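The values are calculated or read from the model by the stated rules, or taken from the named source; none is laboratory data. From a predicted model like this one, the values you see are computed outputs, not experimental measurements. FYI the Cβ positions are ideal-geometry reconstructions off the backbone, even for glycines, and counts take in every protein chain you see.
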Amino acid sequence: MASDDQVLVERCWSGDVSAFEPLVEKYRQRVWRLAYNVLRDREEAWDVAQEAFIRAWQALPNFRGQSAFYTWLFRIVMNVAADRARQRAARGRAFGTERVPEEDWERVIADGGVSPDETAVHVEERERITKALATLSEDHRTIIMLSDLEGLSYREIAEVLAIPMGTVMSRLHNARKRMRDALGPLLVLVMALLALAMSTREATAQPMVRFGARVLLAGDGPPPAGTPSAPMDERLEKFLPKLRQLFRYSDYTSLERFRRVEVPVGNTQTWAMPGDRRLELTPERVNQQTVTMKLRLVRGSMAELSTDLQVKHGSPAVIGGPRYSNGVLIIIVWANPEPQ
């Protein structure tokens, strides 16, 4: 294992839950990309990525470091994605239909800073590459990705796919031959363009979300003297009647105002909270005007609060937190799934 991965894994073995988070952050995008390659559906790929990390955490006590952590993790991803693909096929058969591949997979990606003629040439090349990839079996497409996009060695691919190294070499040779037969002289451009297409699709598959949060202290009286506070604005003042109706406290003090940030879906924003806590907000998916967000309130290495929020544009989500000072913390989250 890489030394930094090994240190984190060993901390996990000793019971340090927080040590798993850097591993998730480091490999999240690659895990999503592997799942997307199998399923061609960005939402299902995120679901698979989350399930794979959960399974990895549960199985971590059985991982003894005989291989690189990421190859062990990638194997879990491939297994989860394959299970999901089989379930999807079964559902399709049950309803007498087949799932239509996501439109984004076929969408043409425009290059910035190039002439219309050059763009037309690149569009044609990408269409040929997409069609060539479509002619490959799932096994061949997967091995092309692991080798030429993820840069794994023959041995690492063998570990991920649980097949002999000779099979890896043979399968990769056949996959490249099929690509060469389909593309001819264009083959020299395939890997560069494929890597560009994949990275760009990955970026477009993660819409931007703008969000912010407010933290209030709710109690039956004003907070003790010297409690840090943030000014109440007009919007928050208008929201106070709803808070009083929800929580039945008489006094509400603004403690923190976390300005809106704009991040891609899947990225976590962390803010320091009162009481040596940190607030973690992760937009996980967007459905029209609603953002599904993961909220975690962490103190030390323990999560005091972990929940999913459905935040509609123009309608903030409100959640009651733990006790603090002479009251309880109230967290308000706003989100805009289509920032301009």
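Between Ala162, Ala182, Ala134, which is at pLDDT below 75, outside the structural domain of Arg33 (by TED's automatic domain parsing) and surrounded by fewer than 14 Cβ atoms within 10 Å (Cβ to Cβ)?
Answer to the check: Ala134.
Would you check which residues across region 229-253 are modelled with pLDDT under 85, surrounded by 10 or more Cβ atoms within 10 Å (Cβ to Cβ) and outside any helix (DSSP H, G or I) and list them?
Result: Ser229, Ala230, Met232, Asp233.
Answer yes if at least one residue in region 51-61 is hydrophobic (A, V, I, L, M, F, W, C) and more than 19 Å from the chain's Cα centre (by Cα), and no otherwise.
Checked against the condition, which is being hydrophobic (A, V, I, L, M, F, W, C) and more than 19 Å from the chain's Cα centre (by Cα), region 51-61 yields at least one hit.
Going residue by residue through region 265-279, is there one that turns out to be within 30 Å of Lys26 (Cβ to Cβ), outside any strand (DSSP E or B), touching a helix residue (DSSP H, G or I) at 6+ places or on another chain (Cβ under 8 Å) and not aliphatic (A, V, I, L, M)?
The answer is yes; a qualifying residue exists.
From the list Asn267, Asn287, Asn326, which one is within 24 Å of Pro222 (Cα to Cα) and of a type in the set (S, T, N, Q)?
Asn326
Select from region 62-103 the residues that are assigned to a loop (DSSP other than H, G, I, E, B) and modelled with pLDDT under 85 and list them in ascending order.
Arg64, Gly65, Gln66, Ser67, Phe95, Gly96, Thr97, Glu98, Arg99, Val100, Pro101, Glu102
Just checking, how many residues over region 9-18 are of a type in the set (Gly, Ala, Ser) and without any contact (Cβ under 8 Å) to a residue 12 or more places away in the chain?
Count: 2.
Consider region 38-69. How many of its residues are aliphatic (A, V, I, L, M) and in contact with a strand residue (DSSP E or B) (Cβ under 8 Å, 6 or more places away or on another chain)?
So the count comes out to 0.
Tell me, which residue of region 300-319 that is farther than 18 Å from Leu216 by Cβ and assigned to a strand (DSSP E or B) is nearest to the chain's Cα centre (by Cα)?
Across region 300-319, the extreme among qualifying residues is Asp308.
Output the qualifying pairs, or none if there are none: Cβ atoms under 8 angstrom, residues six or more apart or on different chains, first residue in region 225-243 and free of Cβ contacts under 8 Å to residues at least 40 places away in the same chain, second residue among the aromatic types (Phe, Trp, Tyr).
Leu240/Tyr252
Taking region 310-336 as the region of interest, how many residues are within 19 Å of Arg235 (Cβ to Cβ) and surrounded by 13 or more Cβ atoms within 10 Å (Cβ to Cβ)?
14
So Pro223 clears everything in (1) surrounded by fewer than 14 Cβ atoms within 10 Å (Cβ to Cβ); (2) of a type outside the set (A, V, I, L, M, F, W, C); (3) at pLDDT 85 or above except one condition, right? Which one?
(1)
When region 322-338 is examined, which residues are found to be farther than 20 Å from Arg259 by Cβ and in a strand (DSSP E or B)?
Of everything in region 322-338, those that are farther than 20 Å from Arg259 by Cβ and in a strand (DSSP E or B) turn out to be Pro322, Arg323, Tyr324, Gly327, Val328.
Mind counting the residues in region 285-309 that are of a type in the set (Val, Ile, Thr) and loosely packed, with under 14 Cβ neighbours inside 10 Å? Spell out how you get there, then give the answer.
Here is the first cut: in region 285-309, the ones of a type in the set (Val, Ile, Thr) are 286, 290-292, 298, 307.
Pick out the ones that are also loosely packed, with under 14 Cβ neighbours inside 10 Å and you get 307.
The qualifying residues number 1.
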